[in-house]
Amino acid sequence: MIDTSQKSIEAVLSRGVEDVFVRSALEEKLASGNVLRIKLGIDPTSAHIHLGRAITLRKLRDFQKLGHTPVFIVGDFTAQVGDPSDKLSKRPMLTVQQITENLKTYKEQVATCIDLSKAEFHFNSEWLSKLTFTDVAELAESFSVQQMTARRNFSERIDKGEEISLRELLYPLMQGYDSVAIKADVEIGGFDQLFNVKAGRVVQRHYGLPEQDVLVTQMLVGTDGRKMSSSWGNIIAITDQPTNMFGKVMSLVDDLIVQYFTLCTDRTLEEVKGFETQLASDINPRDVKLVLAHDIVTLYHGAQAADEAQRQFIETFSKGTIPTDIPEHAVAASKPISDILVSIKVLPSKSAWARLIKEGAVTDLETGMPITDIHEVAQKTRRLRIGKRAFIRLIIKE
């Protein structure tokens with residue numbers, strides 16, 4: 001049964017949505033009662049799907065709940081080319097080995113958001129790897145150079161005199177061809193994918209197919225205040241261990257609480273509004289953030305794991321003795337933390353650092369997780385507990 005109620009359609013097309021193109025056409029399709037093919041593609045540029053990418057997966061799930069067919073595409077072929085979306089410099093090509101490594105648990109991760117038994121799951125190498133040079137030339141005929149170079153990030157790079165490779169111009173054509181191959185009625189993407197998903201319409205038209213409608217979601221802010229991106233390392237991955245995931249959510253700035261409730265949880269918008277009202281009152285934001293962290297961990301690990309992660313967090317931070325006047329030191333980015341601690345005489349030697357790491361005695365107070373890499377470098381401002389009694393705050397120099 002297809003849910004054609006106006007309330008359900010409005011919810012799918014509004015919550016967490018940045019833009020719909022063409023909205024009137026898509027509303028008409030959704031109200032028709034016909035089963036639509038809803039496309040979402042993700043390139044495996046990382047082994048872990050993060051909460052930002054999960055927003056589009058959850059939107060795919062919303063269409064599935066209305067009775068439509070999710071068509072999930074792993075961009076194993078396009079990942080080799082590299083998506084230039086929102087990039088102001090050339091993106092490196094991934095090797096087949098890197099992509100294969102990243103793909104090991106992709107299906108399991110996708111299954112946390114959508115019911116794969118009622119969905120299609122494809123790799124775009126199924127069709128893109130079979131195109132001949134003649135086929136590629138025909139595909140390239142669907143776009144002009146002017147259309148491509150009008151793209152914002154391309155035009156900015158041209159203005160700066162920076163190089164743009166022909167490889168990068170091929171990417172939106174390839175993503176557009178995915179829509180031809182699976183006969184998409186609708187494509188979902190993040191807002192940074194707007195050019196690529198609209199390209200699908202152009203390519204479909206070139207091949208004489210009906211043009212897909214497009215829905216792009218809002219972008220999630222990462223743990224450092226920028227757009228969540230695997231390449232920037234500011235992610236909360238859906239594969240993170242429960243305690244690590246809980247700690248990362250708790251480390252978010254308070255201003256992001258409402259956005260994360262809206263984009264990353266199943267709370268109703270009425271409930272989210274209630275939390276927003278509480279935050280505007282005298283309530284401690286930490287109390288609301290505990291609910292948020294518990295909700296997110298529950299989605300990907302279950303309620304029992306969320307309960308335990310919350311217990312551990314409260315045990316560590318509420319009952320722990322963390323001083324309020326932690327010493328601060330300004331340090332250069334990318335410098336090994338071991339070198340920093342030795343130079344400011346917090347530790348006597350690098351071997352002492354290695355021993356503490358091995359014992360699990362160095363904790364990142366922002367996440368509650370122990371640091372396990374002896375080669376860890378300073379990447380962002382953070383508070384550390386070293387051993388039982390030493391505390392320090394490292395501030396990255398601007």
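Inclusion of LEU131 among residues that are closer than 26 Å to PHE154 by Cβ and in contact with a helix residue (DSSP H, G or I) (Cβ under 8 Å, 6 or more places away or on another chain) is warranted. Residue pairs whose Cβ atoms lie under 9 Å apart, separated by 6 or more positions or on different chains, with the first residue in the stretch 332-343 and free of Cβ contacts under 8 Å to residues at least 12 places away in the same chain and the second exposed (fewer than 12 other Cβ atoms within 10 Å of the Cβ) and not β-branched (Val, Ile, Thr), are VAL342/PRO348; VAL342/SER349. In the set (1) surrounded by 17 or more Cβ atoms within 10 Å (Cβ to Cβ); (2) closer than 28 Å to LEU170 by Cβ, MET245 fails one condition alone, (2). Condition first: surrounded by 17 or more Cβ atoms within 10 Å (Cβ to Cβ), assigned to a loop (DSSP other than H, G, I, E, B) and over 23 Å from the mean Cα position of the chain (by Cα). Now tell me which residues in the stretch 9-48 satisfy that. Matches in the stretch 9-48: LEU36 only.
Taken as a whole, the condition of being in the same structural domain as ASP83 (by TED's automatic domain parsing) and surrounded by fewer than 24 Cβ atoms within 10 Å (Cβ to Cβ) applies to TYR207.
Within the stretch 109-121, at least one residue is touching a Ser or Thr at 6+ places or on another chain (Cβ under 9 Å), closer than 27 Å to LEU299 by Cα, basic (Lys, Arg) and not in a loop (DSSP other than H, G, I, E, B). Selection of the stretch 314-325 for residues being at pLDDT 65 or above and surrounded by 12 or more Cβ atoms within 10 Å (Cβ to Cβ) yields ILE314, THR316, PHE317, ILE322. Identify, from the list LEU263, LEU269, the residue that is in contact with a helix residue (DSSP H, G or I) (Cβ under 7 Å, 6 or more places away or on another chain) and touching a residue at least 40 places away in the same chain (Cβ under 8 Å). Answer to the check: LEU263.
Filtering the stretch 168-190 to residues that are surrounded by fewer than 23 Cβ atoms within 10 Å (Cβ to Cβ) and modelled with pLDDT under 95 leaves GLU168, LEU169, LEU170, TYR171. Scanning the stretch 276-296 for residues that are within 21 Å of THR56 (Cα to Cα) and without any contact (Cβ under 8 Å) to a residue 12 or more places away in the chain turns up nothing.
A single entry from VAL249, VAL214 fulfils the requirement of being at pLDDT 95 or above, among the aliphatic types (A, V, I, L, M) and in contact with a helix residue (DSSP H, G or I) (Cβ under 9 Å, 6 or more places away or on another chain): VAL214. When ARG311 is tested against (1) touching a residue at least 60 places away in the same chain (Cβ under 8 Å); (2) loosely packed, with under 15 Cβ neighbours inside 10 Å, only condition (1) is not met.
Has the stretch 267-285 got any residue that is assigned to a helix (DSSP H, G or I), under 21 Å from ALA54 (Cβ atoms) and of a type in the set (Asp, Glu)? Yes, the conditions are met somewhere in the stretch 267-285.
The values are calculated or read from the model by the stated rules, or taken from the named source; none is laboratory data. All values derive from a computational prediction rather than experimental measurement. A quick note on method: Cβ atoms are made from the backbone with ideal geometry, for glycine too, and the neighbour counts reach across all protein chains shown.
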